[in-house]
1. Report, in degrees rounded to the nearest 10, the 0 to 90 angle that the Cα long axis of helix 110-120 makes with the longest principal axis of the chain.
2. Assign unit charges at the C-beta atoms only (+1 for Lys and Arg, -1 for Asp and Glu), then state the dipole size of the range 44-129 relative to its Cα centre in Debye, rounded to the nearest 20.
3. Rounding to the nearest 10 and keeping the result within 0 to 90°, find how far the Cα-based axis of helix 20-33 lies from the longest principal axis of the chain.
4. Could you size up the charge dipole of the chain around its Cα centre, putting +1 on the beta carbon of Lys and Arg and -1 on that of Asp and Glu, and report it in debye to the nearest 20?
5. I need the shape label for the chain. Rule: rounded when a/c is under 1.5, else prolate if a/b > b/c, else oblate, with a, b, c from the alpha carbon gyration tensor.
6. Out of the range 91-159, which trypsin sites (Lys or Arg not before Pro) are coil in DSSP terms and have no more than 14 other C-beta atoms within 10 Å?
7. How large is the charge dipole for the range 13-62, taken about the Cα centre, if only the Cβ atoms of Lys, Arg (+1) and Asp, Glu (-1) carry charge, to the nearest 20 debye?
8. Compute the angle between helix 55-70 and the longest alpha-carbon principal axis of the chain, please, reported from 0 to 90 degrees and rounded to the nearest 10.
Amino acid sequence: MGVSVVEFLDHKDGVIEYGTGLRRDIAAAIRRHRPELVITLNHRDTWGGVAWNTPDHVAVGRATLDAAGDAGNRWIFPELVEQGLEPWSGVRWVAVAGSSSPTHAVEATEDRLERAVRSLLEHRTYIEVLTDEDPESYVREFLTRGAAMSSERFGGKPAVAFEVFGR
């Protein structure tokens, strides 16, 4: 996907809770990497309608939105400054993937789709729990269907949609 660094914050999958600890860890990562754009997961209770979202996604999405502001405030988490992580108020946008209220989209070209399939397949163990199908077929269908659904709203081309918040 063009990403050169992946950082795991070591919160236990399945039991991530929203709170100051999660916000602090995400704010620290933002201060370390100093991005202008942060991408996160849907922070709402549903994926739209009655399709319930997972508590982990809600917690991470909400904490990321809050941490984008926390990262620039030296009075929030002063221990981060003591650790050499100076405030970073340069986050200009937070893009929420999987939102039921998308405002922007990126075209899902064949090359991008293929990279997305390979990326998601890195979570093979998780995917194998979700389906009895071949993991690659399942992932490809999931991503292709999502891109097709977004195409209806964004110019007729397959797309990945985001709800973008500006700071």
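1. Between helix and principal axis, roughly 60 degrees.
2. 180
3. 90
4. Numbers: 19 positive and 26 negative charges, 139 e Å.
That gives a dipole near 660 debye.
5. Numbers: a/c = 1.87, a/b = 1.60, b/c = 1.17.
Prolate shape, in that a/c is at least 1.5 and a/b is the bigger ratio.
6. ARG92, ARG153
7. On the way: 7 positive and 6 negative charges, 64 e Å.
It works out to roughly 300 debye.
8. Long axis of 55-70 versus the principal axis of the chain: about 40 degrees.
Values quoted throughout were computed directly from the atomic coordinates according to the rules given, and no laboratory measurement underlies them. If you're wondering where the values come from, they're calculated on a predicted model, not measured in any experiment. Using ideal geometry, Cβ is built from the backbone for each residue, glycine included, and neighbour counts are taken over all protein chains shown.
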